[in-house]
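Data first, discussion second: the structure below is written as structure tokens.
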Amino acid sequence: MSKKRSVSPSLDIVYDLEYGVWKATALHAALELGVFTVIANGNRSRGAIAAEARCDERGMRILLDALCSLKLLRKRKGDYFLTPVSDVFLVRNKPTYYGEWCLRTQLAFDIRSRVADGIRTGRVVGIDASQSGSGSLWRSDISRALYTWPLEAKQARQMWRTLGVTRRDKPSLRVLDIACGSGVNSFVLAQADPGARVTAFDLTDVLEVTRQVAEAMGVAKQVEFQSGDVLTSDFGTDCFDVALLGKILYYFDADRALDILYRIHSALKRDGLIVISTYIGDNRSCRSQKALLAALQLFIFAPQSHVYTFSEYRDLLRRAGFSGVSRHSETLITGTK
Ligand SMILES: C[S@@+](CC[C@H](N)C(=O)[O-])C[C@H]1O[C@@H](n2cnc3c(N)ncnc32)[C@H](O)[C@@H]1O
């Protein structure tokens, strides 16, 4: 007779999470103290770095060594140097600086410490990033694309291939990219076809970066930049073949999302394609960690947010007048006018 062995639960999952917080803590402290900027300014020894950052030398040495273990710094003969990642993304005043976004959102520890309170009360405790006044915040996120666009472009080309949207099948496309961010996702279509035209829609501050990305990708002449609030702007009538909505609808409740979808429906030509590229909710199997953590994050940051499941998207799209709603991957949904 076989005896069932009881397995005692291990705390490994919890230890890993706690350990992850310490990695984030090191980055948070370094950004707050401007450590990467101080090193970029030519300070290399722990004494010089501590003095320039006005810090205790022992504390700084401990932080610097921890950052080396995280591959955000390199140590040689006792001196500290930036790595390619910290050099491009973590030095203040560089156009690709990502630290402001980190400090104001992902690493905003003051907000994190109030998450339980937000869940207790159902009230938002962070900055609402879906307001039209959040342009400078979003700009601090999108700026990294000035450096990362080649990699993002590769992924975007793969997305259009998955959807069968190619120059051969659909030449001279008119594309509306709503809440476009860097714009890379639609600019690859312009790169592939000189006859294609893109309307890049986002907040004014963000479009300054979008324009630079368009120039870097060699498509600026094919792009019209339109600034406005997605909640109120008119996108025109019967003028686009494709409308792309990347990671935006989940900021809004069903009424607002539906209203956006109605306006997109009007803006598309007959048989036009709507593409939704986003986290898709998974509250049945609860396996899609990115979507489920995005839901928690959005709950804390955006009062009207909802990470829609595929069936909820299908329902919204049908109500807005779209047919043939299909899911193509973990993150991609399309419908036809
Ligand atoms: C998560 S990013 C998505 C960027 C891009 N679509 C993508 O999929 O990578 C959200 C974008 O929505 C824009 N946004 C947020 N609220 C907005 C609003 N009320 N009106 C227009 N754009 C908005 C932000 O500026 C940002 O570029």
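Note on segment 184-217 and segment 260-337: Cα centroid distance 23 Å, given to the nearest whole angstrom. For segment 133-336, a/c is less than 1.5, where a ≥ b ≥ c are the root eigenvalues of the C-alpha gyration tensor. That puts it in the rounded class.
Here's the picture: a label point sits 7 Å out from the Cα of SER136 along the beta-carbon direction, and within segment 203-239 the residues with their amide nitrogen under 19 Å of it are 203-210, 228-229. Here the sum of -39500 (n - 2.57) over DSSP H runs of 4 or more residues, divided by the residues of the chain, equals -13500 deg cm²/dmol at 222 nm, to the nearest 500. Reported to the nearest whole Å, the Cα centre-to-centre distance from segment 6-42 to segment 48-90 is 15. Rolling a 1.4 Å probe over the protein chains gives THR166 an accessible area of about 50 Å².
What fraction of the DSSP beta bridges in the chain is antiparallel, stated in percent and rounded to the nearest 5? Of those bridges, close to 35 percent are antiparallel.
When each of the peptides 8-14, 214-220 is scored by the mean number of other C-beta atoms lying within 10 Å of its residues, the order from highest to lowest reads 214-220, 8-14.
Applying a threshold of 24 Å to the alpha-carbon distances of LYS170/LYS269; LYS23/LYS290; LYS221/LYS337; LYS269/LYS290; LYS154/LYS247; LYS94/LYS290 flags LYS221/LYS337; LYS269/LYS290; LYS94/LYS290 as lying beyond it. Using label points projected 7 Å from each Cα along Cα→Cβ, tell me how many nm separate ASN41 and THR309, to one decimal. Roughly 5.4 nm, to one decimal. Using 0.36 nm per residue and subtracting the Cα-Cα separation, the extra length available between ALA116 and ASP79 on full extension is 9.2 nm. Using a cutoff of 8 angstrom between alpha carbon atoms and counting only pairs six or more residues apart, the relative contact order for the chain works out to 12 percent. Computed with a 1.4 Å probe on the full set of protein chains, the accessible area for TYR147 sits at about 130 Å².
Scoring 84-96, 168-180 by mean Cβ neighbours within 10 Å over their residues and listing the highest first yields 168-180, 84-96. Remark: relative contact order (segment 12-96) = 29 percent; criterion is Cα-Cα distance under 8 angstrom and separation of 6 or more residues.
Residue separation times 0.36 nm, minus the C-alpha to C-alpha distance between ASP128 and LEU17: what's the value? Intermediate results must be reported in sequence, preceding the final value.
Numbers: separation 111, 0.36 × 111 = 39.96 nm, distance 2.62 nm.
Gain on extension, ASP128 to LEU17, equals 37.3 nm.
The values are calculated or read from the model by the stated rules, or taken from the named source; none is laboratory data. Everything numeric in this text was worked out from a predicted model, so none of it was measured. Positions of Cβ are generated from backbone atoms using ideal geometry, with glycine treated the same way; all protein chains shown enter the neighbour counts. Only protein heavy atoms, including side chains, enter the accessible area calculation; ligands, DNA and RNA are left aside. Shrake-Rupley method; radii C 1.70, N 1.55, O 1.52, S 1.80 Å.
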